[in-house]
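Visitor: What follows is a structure written as structure tokens; I'll ask about it next.
Every number in this text was worked out from the coordinates using simple rules, so none of it is lab data. Here the structure is a predicted model, which is why all the values come from computation and not from measurement. We place every Cβ from the backbone using ideal geometry, glycine too, and count neighbours over all the protein chains shown.
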Amino acid sequence: MKKLPLTDADTIIFTKMVKKINFFASMNMGLLEKILSRINYYQYDRGEKVCRQGDPGDTFFVISEGKLKVSVREAFFLSRTLATLGPGDCFGEMAMLQRKPRNATVVCEEPSKIFVLSADHFDQVLAENPSFSQEIKKLAADRRFELDHKN
């Protein structure tokens, strides 16, 4: 993993991507700018793990470039692929909000660039914006309900 400088072009890409994500869709530009000031941008190599099942859930990711595989360990040596993610996809919002361990491992299938937001930085933005904080908590509760009642 290599930290990259966040250029103006990267900022525009991130803004366009997150406006399509329910998690950020209702955010006004001022709030989004506060988030942007806390975003990091990383490049990962093919085969590199972005996060591991069981790791602390303290980070949210938005894929800018590349292809990633999401898998879960089902037995000691067996794992099952749940999804393949690409540009514009995100992961980690529920783990970040709940601070629960990761429920999957995410590995880069090809070189990838990913925007990263830590839970601590996100919490700072929420603390400065109580109404948005309430909205995020409702979104998280709705998502938890949806996941709990799936299948």
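Visitor: Which residue fluctuates the most in the chain, going by a Gaussian network model with Cα springs under 10 Å, if the choices are Ser118, Ser71, Ser37?
Guide: In the Gaussian network model the winner is Ser37.
Visitor: Counting chymotrypsin sites (Phe, Trp or Tyr not before Pro) as exposed when in a DSSP loop with at most 13 other beta carbons within 10 Å, what is the longest stretch of the chain free of them?
Guide: Working: sites that count: Phe76, Phe77.
Within the chain, the longest run free of exposed chymotrypsin sites (Phe, Trp or Tyr not before Pro) spans 1-75.
Visitor: In addition: Enumerate the calculated ³J(HN,Hα) couplings along the stretch 48-61 in order (Karplus 6.51 cos²θ - 1.76 cosθ + 1.60, θ = phi - 60°), each rounded to whole Hz, writing x wherever the residue is Gly or Pro.
Guide: 6, 7, 7, 8, 10, 4, x, 5, x, x, 10, 8, 10, 10
Visitor: I've got another one for you. Would you please calculate the Kirkwood hydrodynamic radius of the stretch 1-143 over all C-alpha pairs and express it in Å, rounded to one decimal? Walk me through the intermediate numbers first.
Guide: Values: mean 1/r = 0.0641 Å⁻¹.
For the stretch 1-143, the Kirkwood estimate is 15.6 Å.
Visitor: From the helices alone, meaning DSSP H stretches of at least four residues, give me the mean residue ellipticity at 222 nm for the chain, per-run term -39500 (n - 2.57), in deg cm²/dmol to the nearest 500.
Guide: On the way: 6 runs with 58 residues, N = 151.
Calculated at 222 nm, the ellipticity per residue is -11000 deg cm²/dmol.
Visitor: While we're looking at this one, here's another question. Compute a Gaussian network model of the chain, connecting alpha carbons closer than 10 Å, and tell me which residue from Arg80, Arg46, Arg99 fluctuates the most.
Guide: Looking only at Arg80, Arg46, Arg99, the largest GNM fluctuation is found for Arg80.
Visitor: Okay, next question. Just tell me which lysines come within less than 29 Å, Cα to Cα, of Lys3; anything on the same chain fewer than 8 places away is out.
Guide: Result set, ordered by chain and number: Lys16, Lys19, Lys20, Lys34, Lys49, Lys67, Lys69, Lys100, Lys113.
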